[in-house]
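> Before I ask anything, here is the structure I am working with.
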Amino acid sequence: MRVGCVWHFINALYLVHGATREDEFIWMFGPRGPEPVETFASVTLFVMILVADLIMIWRSWAMYARRWIAIVLPVLTVITGLIAVSIQLTLDYLPPPSDEQIATNRVPALFKINWNTIYFAMIVSTNTLCTLLILGRILFLIGWRQSSHCPIDAI
């Protein structure tokens, strides 16, 4: 879907609205510019990453014999990332701070935070935590199986 969005964006920019450089600039930064296409591309990217994170969490949950306590922290990082990307997508539609607000340093706090950095940090932390959980479980099971307390066919 994201490839389709990018293709539509490039097609609209260069083939439909690109008679001159001035037309391209007006379409890019004008009132009816590519915002819907960019927003749709951002949302599809978010959905793809969310599905991948949920699959990693599900794998961790399955490795720990469906114990919920093992996946609490990865679930919290996904929820934090969901909140951060929701705020960023909302801020994309709000008007930016005015020059007067910037000059007097009265910019709203939401505009001062880079929500995309928080979102991507949560993605990385979710994948790292789930990978470490799965690796830890595998190493634990290998060690338990090699001990004398486990029959060979138990695992």
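> For the range 106-128, enumerate the residues that are assigned to a helix (DSSP H, G or I) and open to solvent by less than 40 Å² (accessible area, probe 1.4 Å). Quick ask: steps written out before the conclusion?
Just the residues of the range 106-128 that are assigned to a helix (DSSP H, G or I), to begin with: 109-112, 115-128.
Within the range 106-128, Trp115, Tyr119, Ile123, Ser125, Thr126 qualify.
> Is there a residue in the range 80-99 that is open to solvent by 90 Å² or more (accessible area, probe 1.4 Å), at pLDDT 80 or above and more than 17 Å from Phe120 (Cβ to Cβ)?
no
> Quick one: in the range 51-69, of everything that is in a helix (DSSP H, G or I) and among the charged types (D, E, K, R), which residue is most open to solvent (accessible area, probe 1.4 Å)? Lay out the reasoning, then the answer.
Here is the first cut: in the range 51-69, the ones in a helix (DSSP H, G or I) are 51-63, 68-69.
After this cut, where a residue has to be among the charged types (D, E, K, R) as well, the list is 53, 59.
Values: Asp53: 11, Arg59: 121 Å².
Going through the qualifying residues, I end up with Arg59.
> Would you confirm whether any residue within the range 60-76 is polar (S, T, N, Q) and at pLDDT below 95?
Let us first name the residues in the range 60-76 that are polar (S, T, N, Q), namely 60.
If we keep only those that are at pLDDT below 95 too, we end up with 60.
Looking through the range 60-76, at least one residue is polar (S, T, N, Q) and at pLDDT below 95.
> May I ask you to verify whether Thr131 is surrounded by fewer than 16 Cβ atoms within 10 Å (Cβ to Cβ), without any contact (Cβ under 8 Å) to a residue 24 or more places away in the chain and part of a helix (DSSP H, G or I)? Write out each step before concluding.
Working: surrounded by fewer than 16 Cβ atoms within 10 Å (Cβ to Cβ): yes; without any contact (Cβ under 8 Å) to a residue 24 or more places away in the chain: no; part of a helix (DSSP H, G or I): yes.
Spelling it out, it is not the case that Thr131 is surrounded by fewer than 16 Cβ atoms within 10 Å (Cβ to Cβ), without any contact (Cβ under 8 Å) to a residue 24 or more places away in the chain and part of a helix (DSSP H, G or I).
> Moving on. Of the conditions (1) exposed (fewer than 14 other Cβ atoms within 10 Å of the Cβ); (2) closer than 18 Å to Leu133 by Cβ; (3) touching a Lys or Arg at 6+ places or on another chain (Cβ under 9 Å), Met48 fails just one. Which one is it?
Looking at each condition in turn, Met48 falls short on (2).
> Counting only residues that are open to solvent by less than 80 Å² (accessible area, probe 1.4 Å) and farther than 16 Å from Ile49 by Cβ, which one in the range 70-79 is farthest from the chain's Cα centre (by Cα)?
Only one residue tops the list, namely Ala70.
The values are calculated or read from the model by the stated rules, or taken from the named source; none is laboratory data. A quick note: this is a predicted structure, and the numbers were derived from the prediction, not measured. Virtual Cβ from ideal backbone geometry, glycine too; neighbours counted across all protein chains shown. Heavy atoms of the whole protein, side chains included, go into the accessibility calculation; ligands, DNA and RNA do not. Shrake-Rupley method; radii C 1.70, N 1.55, O 1.52, S 1.80 Å.
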